[in-house]
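Engineer: Before we start, here is the structure in question, set down as structure tokens.
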Amino acid sequence: MKWVYRLVSLFIAVLFAGPLVWMLFVSVKEEGMKIITVMDWFTPPYSLAVYQEILSGTKLTNWIGNSLLVAVFVTVLTVAAAALAGFALSKIPFRYRTLMFFVVLAGLLIPGEATIIPLYQVAKDMNLLNSYQGLIIPALASPVAVIVLKSFFDGIPNDLLESVQIDGGGSWRIFMRIMLPLCRPALASMAILTFIGSWNNFLWPFLSITDDNLFTLPMGIPTLISQYSEDYVKPMVVNAIASIPIIVLFVIFERQIVKGISMSGIKG
Amino acid sequence: MKMKKWRADAQALLFLLPFLIVYGLFTIWPMFKGVEMTFYKWTLIRKMDFLGWDNYSKVLQDREVWEALGHSLIFVVLTTPTMLVLSISLALIANRKSVLQKFYRSIFFIPSVLSVAVASYLGLFVFQPYTGLVNSVLHLIHLLPGGTEIFWLTETRLAWIAITLITLWWTVGFNFILHLSAIQEIPDEIYEAARLDGAGDRQMFWRITLPYLAPITKTITMLQIIASFKVFMQIYIVTGGGPLDSTRPIIQLIYQTGFKSNDLGYAATMSYLLFVILLVLSALQYWMNNRKGAELS
């Protein structure tokens, strides 16, 4: 019984890994190879020629740069704005605090996909289409991040803050000196999830960007792949180049990512 | 934190301001702007004629809209139960002590970090006839006789299966982690006590594990239903909504109406129909969660 269970587990894991492993093998094949059985995909000869061709002959590296630029700005600014807002909601006893909390909570109910058409119009009115600002700014408000960070701040005892207040520290100092350092794990988790979300974001760039110098990677992929004919090698190289950085990032930050997901209980 | 009332108000405002500006401009304001748009013939270039309620009466009678909503619903029905079973199974596998435990945890999640474009194109090639991975593996192990091919993406029913499998593979990771961390929170003593009473593995799964997972599973179910209703990109890339629009989900129709047929006003009207459906679902989820809370207290 036990080995049946193990075998089934292994089989499922192979199914999960299969497409990715296949992608990597196909991506190092030479173009135009004759494929008769499935084993032909995995056997030598291997070659990195297509990688070189794609990296130097297309705008893919540009798009990787764009994705990176956008994701870094989105991550830093989103987490900063969410931390500030979460701190106010958690620790500052202002009027209408409950109301404000519900206003943020309501944001969870507003599905981005359902307001994407008016968002397009709003962005157009503000001259944000086809610009880096347009890729970054509309992505910065994350109610989920605010709520997760608020609940983290809630866990820090008020006594600690009041002792700093007695020493003459203001809210800003409490925020910078106590809250941020104590909540570093939560901030890191939010940052990584935001980064991955931005790196993979498709719908908004797809609608708002038409200039191919401003494409992000997820948009560049269909653009490139649809130009290639039947052969699999080029598309797989494009896929591999797009996925390797994010998989490496995952391997480095696996722990924070897992923690971030368990904390939010919300899917990306 | 103690402070004077007016000081608290002023400081809270300053701390909240960056978030509120972006949130207001790009989440709240578009919601209202969208309502205005539904009352006009509104193209990509400019606002045109005032239509009154025309878009609304049109959307309720538009067969394409209801068909597309139906396709989104099919996707919900196909992905939700399968997702739950898969997610719990993977969590059980990755929870068992084994030399491969770390590998299992990583490999079940890794597809989730891929871009929807990568996941979809990978799926597209995996399900390609002749040289695609699935068909050639089936040939290799002689499950599929030589000379025959399965055309996954050009037959409606098979296309749905392919789309479902791709989606499960790509998105199960998040739910898997939620289930896994819920399993890890079940106290060991309960299992030990059950074992002393002579309970077998199967009994312990049905009587202990599953009931303990019920709350998170409820949450996942609702989030999954809502997320599945919003499906677009993987279908758009894998089948393009075809064959003959038979897999086209509502978001794709909204996109095509707005940006291909140049009718943002009508597209916005459709969005609000979807919005209402999602809002009802969210309210249902909130109500279910609260009822659960009431039972506990």
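The values are calculated or read from the model by the stated rules, or taken from the named source; none is laboratory data. Predicted model only: the values in this text are computed from it and were never measured. Methodologically, a virtual Cβ is constructed for each residue, glycine included, from the backbone with ideal geometry; neighbour enumeration extends over all protein chains shown.
Engineer: Considering only residues of the range A:149-203 that are within 30 Å of B:Gln252 (Cα to Cα) and among the β-branched types (Val, Ile, Thr), which is farthest from the chain's Cα centre (by Cα)?
Structural biologist: Filtering first and then ranking leaves A:Ile192.
Engineer: While we're looking at this one, here's another question. Conditions: (1) surrounded by fewer than 20 Cβ atoms within 10 Å (Cβ to Cβ); (2) within 30 Å of B:Leu44 (Cα to Cα). A:Pro181 meets all but one. Number of the miss?
Structural biologist: (2)
Engineer: Only residues that are within 7 Å of chain B (Cβ to nearest Cβ) and either farther than 26 Å from A:Leu68 by Cα or touching a residue at least 40 places away in the same chain (Cβ under 8 Å) (or both): list them for the range A:101-114, please. Walk me through how you get there before you give the answer.
Structural biologist: Of the range A:101-114, the ones within 7 Å of chain B (Cβ to nearest Cβ) are A:107, A:109-111, A:113-114.
Of everything in the range A:101-114, those that are within 7 Å of chain B (Cβ to nearest Cβ) and either farther than 26 Å from A:Leu68 by Cα or touching a residue at least 40 places away in the same chain (Cβ under 8 Å) (or both) turn out to be A:Gly107, A:Leu109, A:Ile110, A:Glu113, A:Ala114.
Engineer: So which of A:Leu77, A:Leu20, A:Leu55 is more than 30 Å from A:Arg184 (Cα to Cα), assigned by the TED database to the domain that holds A:Pro205 and among the aliphatic types (A, V, I, L, M)?
Structural biologist: On inspection, the qualifying residue turns out to be A:Leu55.
Engineer: Being buried (at least 23 other Cβ atoms within 10 Å of the Cβ), out of contact with any Leu (no Cβ under 9 Å at 6 or more places or on another chain) and hydroxyl-bearing (Ser, Thr, Tyr) is the filter here, so list the residues in the range B:65-121 that pass it.
Structural biologist: B:Ser112, B:Ser120, B:Tyr121
Engineer: Same structure, new question: If I ask for residues that are hydroxyl-bearing (Ser, Thr, Tyr) and within 21 Å of the chain's Cα centre (by Cα), which ones from the range B:127-181 would you list? Give the derivation first.
Structural biologist: The first filter runs over the range B:127-181 and keeps only residues hydroxyl-bearing (Ser, Thr, Tyr), leaving B:130-131, B:136, B:148, B:154, B:156, B:164, B:167, B:171, B:181.
Residues satisfying the conditions are B:Thr156, B:Thr164, B:Thr167, B:Thr171, B:Ser181.
Engineer: Determine, yes or no, whether B:Asp54 is among the acidic types (Asp, Glu) and either in contact (Cβ under 8 Å) with a residue 40 or more places away in the chain or under 30 Å from A:Ile92 (Cα atoms) (or both). Explain how you work it out, then say what you get.
Structural biologist: Numbers: among the acidic types (Asp, Glu): yes; either in contact (Cβ under 8 Å) with a residue 40 or more places away in the chain or under 30 Å from A:Ile92 (Cα atoms) (or both): no.
It is false that B:Asp54 is among the acidic types (Asp, Glu) and either in contact (Cβ under 8 Å) with a residue 40 or more places away in the chain or under 30 Å from A:Ile92 (Cα atoms) (or both).
Engineer: Identify the residue in the range B:200-232 that is in contact (Cβ under 8 Å) with a residue 40 or more places away in the chain and in a loop (DSSP other than H, G, I, E, B) and, among all such residues, is surrounded by the fewest Cβ atoms within 10 Å (Cβ to Cβ).
Structural biologist: Filtering the range B:200-232 for residues that are in contact (Cβ under 8 Å) with a residue 40 or more places away in the chain and in a loop (DSSP other than H, G, I, E, B), the one surrounded by the fewest Cβ atoms within 10 Å (Cβ to Cβ) comes out as B:Lys230.
Engineer: Restricting attention to the range A:255-268, does a residue exist that is crowded, with 16+ Cβ neighbours inside 10 Å, of a type outside the set (A, V, I, L, M) and more than 11 Å from chain B (Cβ to nearest Cβ)?
Structural biologist: For the range A:255-268, residues crowded, with 16+ Cβ neighbours inside 10 Å, of a type outside the set (A, V, I, L, M) and more than 11 Å from chain B (Cβ to nearest Cβ): present.
Engineer: Has the range B:77-88 got at least one residue that is assigned to a helix (DSSP H, G or I), closer than 30 Å to B:Ile183 by Cα, of a type in the set (Gly, Ala, Ser) and touching a residue at least 12 places away in the same chain (Cβ under 8 Å)? Step through it out loud before you land on a result.
Structural biologist: Step one: of the range B:77-88, the residues assigned to a helix (DSSP H, G or I) are B:77-88.
In the following step, the residues that additionally are closer than 30 Å to B:Ile183 by Cα were identified as B:77-88.
Next, only the ones that are of a type in the set (Gly, Ala, Ser) stay: B:87.
Next, from what is left, pick out any that are touching a residue at least 12 places away in the same chain (Cβ under 8 Å): B:87.
Yes; the residues of the range B:77-88 include at least one that is assigned to a helix (DSSP H, G or I), closer than 30 Å to B:Ile183 by Cα, of a type in the set (Gly, Ala, Ser) and touching a residue at least 12 places away in the same chain (Cβ under 8 Å).
Engineer: How many residues are more than 8 Å from chain A (Cβ to nearest Cβ) and more than 23 Å from the chain's Cα centre (by Cα) when one looks only at the range B:95-126?
Structural biologist: Total meeting the criteria: 5.
Engineer: Quick check, is A:Ala85 assigned to a helix (DSSP H, G or I), without any contact (Cβ under 8 Å) to a residue 12 or more places away in the chain, facing chain B (nearest Cβ under 8 Å) and of a type outside the set (Lys, Arg)?
Structural biologist: Numbers: assigned to a helix (DSSP H, G or I): yes; without any contact (Cβ under 8 Å) to a residue 12 or more places away in the chain: no; facing chain B (nearest Cβ under 8 Å): yes; of a type outside the set (Lys, Arg): yes.
Judged against the criteria, A:Ala85 is not a match.
Engineer: Right, here's the next one. Restricting to the range B:127-158, give me the number of residues that are more than 12 Å from every other protein chain (Cβ to nearest Cβ) and either of a type in the set (Asp, Glu) or without any contact (Cβ under 8 Å) to a residue 60 or more places away in the chain (or both). I'd like the intermediate steps shown before the answer.
Structural biologist: Here is the first cut: in the range B:127-158, the residues more than 12 Å from every other protein chain (Cβ to nearest Cβ) are B:143, B:145, B:147-158.
Pick out the ones that are also either of a type in the set (Asp, Glu) or without any contact (Cβ under 8 Å) to a residue 60 or more places away in the chain (or both) and you get B:143, B:145, B:147-152, B:155, B:157-158.
Here the count works out to 11.
Engineer: Scanning the range B:130-157 for residues that are of a type in the set (Ser, Thr, Tyr) and assigned to a loop (DSSP other than H, G, I, E, B), which turns out farthest from A:Phe16 (Cα to Cα)?
Structural biologist: Residues of the range B:130-157 that are of a type in the set (Ser, Thr, Tyr), as a first pass: B:130-131, B:136, B:148, B:154, B:156.
Right, trim to assigned to a loop (DSSP other than H, G, I, E, B) and you get B:130-131, B:148, B:154.
Numbers: B:Tyr130: 22, B:Thr131: 19, B:Thr148: 26, B:Thr154: 24 Å.
By that ranking, first place goes to B:Thr148.
Engineer: Also, I was wondering about something else. Of all residues being out of contact with any Pro (no Cβ under 9 Å at 6 or more places or on another chain) and assigned to a loop (DSSP other than H, G, I, E, B) in the range A:213-239, which is surrounded by the fewest Cβ atoms within 10 Å (Cβ to Cβ)? Just the residue, please.
Structural biologist: A:Ser229
Engineer: Among the candidates A:Thr75, A:Thr61, single out the residue that is within 18 Å of A:Pro138 (Cα to Cα), in a helix (DSSP H, G or I) and more than 13 Å from every other protein chain (Cβ to nearest Cβ). Walk me through it before giving the result.
Structural biologist: Details: A:Thr61 fails: within 18 Å of A:Pro138 (Cα to Cα).
Of the residues listed, the single one that is within 18 Å of A:Pro138 (Cα to Cα), in a helix (DSSP H, G or I) and more than 13 Å from every other protein chain (Cβ to nearest Cβ) is A:Thr75.
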